[in-house]
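For reference, the structure discussed in these notes is given below.
The values are calculated or read from the model by the stated rules, or taken from the named source; none is laboratory data. Just so it is clear, the model here is predicted, and its values are computed rather than measured. Cβ: placed from backbone, ideal geometry, glycine included. Neighbour counts: every protein chain shown.
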């Protein structure tokens with residue numbers, strides 16, 4: 001029985017407090033300096049509501065994320081966002097995209113595809129036998 005693949009999404013934040021890995025699976029995330037943000041950034045160069053992550057459904061049933069500068073349909077951040085070195089208002093994130101919010105404040109987006117773990121119990125008769133003649137020094141060849 002083949003296992004279905006799934007995707008996990010991670011945002012790796014680097015700011016004045018260090019490095020933090022944030023697993024993503026929700027529909028939206030607010031990003032900024034405000035203590036009420038879903039993903040809080042620690043830097044004086046970051047706006048209180050600097051950016052928003054929005055989950056985007058894909059045709060195959062999976063999803064990805066779009067980053068939007070500031071608040072969607074609202075105020076943009078003071079310094080904007082750079083995605084892979086380009087200043088953008090919004091961007092559909094791809095694996096390993098780097099988002100810069102300000103000096104020494106950035107995030108790397110990871111979309112990791114993995115095979116689902118098989119949940120069937122192991123076959124109790126699936127064993128490997130090793131004979132004494134199978135253990136020894138490898139031959140130089």
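If you check 66, 86, which single one turns out to be modelled with pLDDT of 95 or more, loosely packed, with under 11 Cβ neighbours inside 10 Å and closer than 24 Å to residue 9 by Cα?
Residue meeting the stated conditions: 86.
Does the stretch 20-30 hold any residues that are in a strand (DSSP E or B) and within 14 Å of the chain's Cα centre (by Cα), and which are they?
Selection gives 20, 21, 22, 23, 24, 28, 29.
Counting just the residues of the stretch 69-78 that are over 20 Å from residue 94 (Cα atoms) and in contact with a strand residue (DSSP E or B) (Cβ under 8 Å, 6 or more places away or on another chain), which one comes out surrounded by the most Cβ atoms within 10 Å (Cβ to Cβ)?
77
Does the stretch 17-29 hold any residues that are surrounded by fewer than 18 Cβ atoms within 10 Å (Cβ to Cβ) and closer than 20 Å to residue 110 by Cα, and which are they?
18, 19, 20, 21, 22, 23, 25, 26, 27, 28, listed by residue number.
For the stretch 105-118, check the following and say yes or no: at least one residue is at pLDDT below 95 and surrounded by 11 or more Cβ atoms within 10 Å (Cβ to Cβ).
yes
Only residues that are under 20 Å from the mean Cα position of the chain (by Cα), surrounded by 21 or more Cβ atoms within 10 Å (Cβ to Cβ) and not in a strand (DSSP E or B): list them for the stretch 34-59, please.
Matches in the stretch 34-59: 41, 50.
Those residues that are more than 22 Å from residue 14 (Cβ to Cβ) and in a strand (DSSP E or B), I need them from the stretch 93-117; list them, please.
Within the stretch 93-117, 113, 114, 115 meet the criteria.
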